[in-house]
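The values are calculated or read from the model by the stated rules, or taken from the named source; none is laboratory data. In this text the structure is predicted, and so the values were computed from the model without any measurement. Cβ placement follows ideal geometry from the backbone for every residue including glycine, while neighbour counts extend to all protein chains displayed. Please note that ligands, DNA and RNA were not included when accessible areas were found on the heavy atoms of the full protein model with its side chains. Shrake-Rupley method; radii C 1.70, N 1.55, O 1.52, S 1.80 Å.
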Amino acid sequence: MRLYPLLLITLLSITCLSCDTKKNYSLSDSEKAQLNKTIDSIYEINRLTRKSFDNTDKLYGLNRNTFMKSEDFKRQYLDSITYDLYQKSVDSLSKMMLRHDSLSTRLIIDITREYGFPSHRRLGSKISKTYLIFANAPKSYFEEIEALIQEEYEAGRMIEFKKEYILWHTGGRKTLPPMAGARGEAIWQKPLDRANK
């Protein structure tokens with residue numbers, strides 16, 4: 001239930017931000033403060049939604065991230081009736097997460113188009129959250145995100161690491177994610193050599 005007040009705050013924030021349709025890539029102090037509040041709200045919604053899966057696993061006495069495992073794996077620990085109840089909870093949470101991710105993605109895309117990529121350096125905040133919001137985007141937004149992120153990177157409003165991290169997500173997360181170098185460059189990790197373990 002805590003998600004809904006946050007969602008309302010986010011919607012009100014984005015409404016205020018969108019009152020002036022003029023693109024503004026040089027941010028005033030008041031715009032920075034409002035953008036920080038909005039991004040914090042979006043990030044918190046995403047975090048709480050995902051935490052609900054952990055809480056569900058805990059409620060059923062399962063290890064964290066069991067919800068991601070196969071049906072055969074889950075049935076080792078749950079009887080038939082309990083499994084059905086558990087899976088209904090997980091399916092419901094998955095639908096809720098998809099709705100929140102879709103809304104969050106739409107909001108962060110609109111903010112980026114209006115104000116440029118809202119990195120923590122541009123907003124004067126300590127923690128970088130925007131790229132993590134993009135990295136939870138549903139597949140239906142991938143093409144739009146890739147074009148937008150490339151444009152923002154070329155305009156110098158985001159560092160290489162964040163660009164590559166977002167593109168790692170839209171590319172299907174087929175490798176280990178990149179790490180950030182000292183100058184903001186993307187450093188790609190070597191795949192684990194499981195054959196020698």
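Placing a pseudo-label 7 Å from each Cα along the Cα-to-Cβ vector at Ala147 and Phe73 gives an inter-label distance of 3.7 nm. For the stretch 33-171, the fraction of C-alpha pairs more than 25 angstrom apart is 37%.
May I ask for the equivalent-ellipsoid semi-axes of the stretch 82-153, computed as the square root of five times each C-alpha gyration tensor eigenvalue and listed largest first in whole Å?
That gives 30, 14, 9 Å for the three semi-axes.
For the stretch 92-186, what % of the accessible area comes from carbon and sulfur atoms, probe 1.4 Å? The computed percentage sits at 52. Between Ser28 and Met96, residue separation times 0.36 nm minus the direct Cα-Cα distance comes to 21.0 nm. Which residues among the stretch 123-153 fall inside the zone where the amide N is under 17 Å from a point 7 Å beyond the Cα of Leu103, along Cα→Cβ? Under cut-off, by backbone N: 133-134, 136-138. Each Lys and Arg adds +1 at its Cβ and each Asp and Glu adds -1 at its Cβ; summed about the Cα centre, the stretch 81-197 shows a dipole of about 460 debye.
As a quick test, which of the pairs Lys126/Lys190; Lys51/Lys95; Lys51/Lys126; Lys74/Lys95; Lys126/Lys174; Lys51/Lys190 have an alpha carbon distance above 26 angstrom in this structure?
Distance filter (> 26 Å) returns Lys126/Lys190; Lys126/Lys174; Lys51/Lys190.
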